[in-house]
Each structure stands twice: as C-alpha cells, then as structure tokens.
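To start, the structure itself, in structure tokens.
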Amino acid sequence: LTNNDSMHTCIICIGSNCYRENKVTFARMRLKSMFPSIQFAEEKETKPIGLDNPALFTNQLAIFATEISQEEVKSRLKSIEIEAGRQPEDKKKEIIVLDIDLVKYDDLWLKELIPDLLTSSLFNSKI
C-alpha cells in the first residue's frame, strides 16, 4: 500500500452493536472521503466480548495508507464516531453506536483483534 517513506500503513477495526448497518455504512463513507486509498474487508457478525448486552456486533477491518501521524489518525477516527452519534454515556449502557479503533500503525500493534476478524483474505498478506 505504501510506496514512499512518508506514508504510513494503518489497519482499523470498525464496530457497532446499535443501528449496525446504518452506522457501519456511514463509517465507510466518511473513511473513504478521509483516506481515499482505504480497502475494506468483508463485514463479520460477532458476539459481544465482556459485555452483558447480548446485541451482536458488526465488525469490519480496513487498511489504508496516509501521511498523517498516529495521533491525527486517532483524532479523525474519533470525529467520525461523534458524527455518527456516539455519546460518552452510551458505553456504560453497553451501546456501541460506532467504534473505530486504530489497530496497527506501520509495525506498531495498538489493539488486539478478535481472532475471527483475522481470517479476512484482504489481510492475509498484510498482518
């Protein structure tokens, strides 16, 4: 994905357990406008981990190249979550309207992935 030293490869994970189809579609649209090189893996339905709320999640991995810093990527992802209607109090209610995590920035792993998500053909050669 990167062909010069100023570009950074980012892997993100999109997740939602509330209005899932709408929110994940919204996230893809906003991410595509911010990061034109982005490629999305297939959506996966996953069971909640560590939550009492039994609502299933829709998760999707994506990969893109960018020149911006790790902190700026995280800031942009957070802004999309807020645009989608994520509220700080939702976490206590175990309602995840939209969660977009920066999982990997270049060679630095920042989050663990659900094993089910690692089976995507898009990432077999990149993770």
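The values are calculated or read from the model by the stated rules, or taken from the named source; none is laboratory data. Nothing here was measured: the structure is a model prediction, and the numbers come from that model. As a convention, Cβ positions derive from the backbone with ideal geometry for all residues, glycine included, and neighbour counts pool all protein chains shown. Side chains included, ligands, DNA and RNA excluded: accessible areas come from the protein's heavy atoms. Shrake-Rupley method; radii C 1.70, N 1.55, O 1.52, S 1.80 Å.
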With a 1.4 Å probe and all protein chains in place, put Ile49, Ile96, Ile14 in order of accessible area, largest first. Ile49, Ile96, Ile14
Report the accessible area of Met29, computed with a 1.4 Å probe over the heavy atoms of all protein chains in place, in Å² rounded to the nearest 10. 120
Would you work out the relative contact order for the chain, in percent, from Cα pairs under 8 angstrom that are 6 or more residues apart? 36
Tell me, what is the per residue accessible area of the chain in Å², probe radius 1.4 Å? 57
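For Leu77, Leu113, give the ranking by accessible area with the largest first, probe 1.4 Å. Before the final figure, lay out each step's value.
Details: Leu77 5, Leu113 30 Å².
My answer, sorted largest first, is Leu113, Leu77.
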Between Met34 and Ser75, what length in nm is gained on full extension when 0.36 nm per residue of separation is reduced by their alpha carbon distance? 13.6 nm
Calculate how steeply helix 20-34 sits against the longest principal axis of the alpha-carbon atoms of the chain, using the helix alpha-carbon long axis, and give the answer as 0 to 90 degrees to the nearest 10. 20
For an R0 of 22 angstrom, estimate the FRET efficiency from the Cβ-Cβ distance between Glu42 and Ile114 and round to the nearest 0.05. 0.95
Computed from these coordinates, which is Kirkwood radius over Cα pairs in Å: (1) 14.9; (2) 15.7; (3) 17.4? (1)
Please list Glu72, Glu112 from largest to smallest accessible area, probe radius 1.4 Å, with all protein chains kept in place. Glu112, Glu72
Of all accessible heavy-atom area on the chain, the percent that carbon and sulfur account for (1.4 Å): 50
Probe 1.4 Å, all protein chains in place: accessible area of Lys44 in Å², nearest 10? 50
Leaving out ligands, DNA and RNA but keeping every protein chain, what accessible area does Ile114 have, in Å² rounded to the nearest 10, with a 1.4 Å probe? 50
Here the FRET efficiency for Tyr19 versus Glu67, based on Cβ atoms and R0 = 41 Å and rounded to 0.05, is 0.80
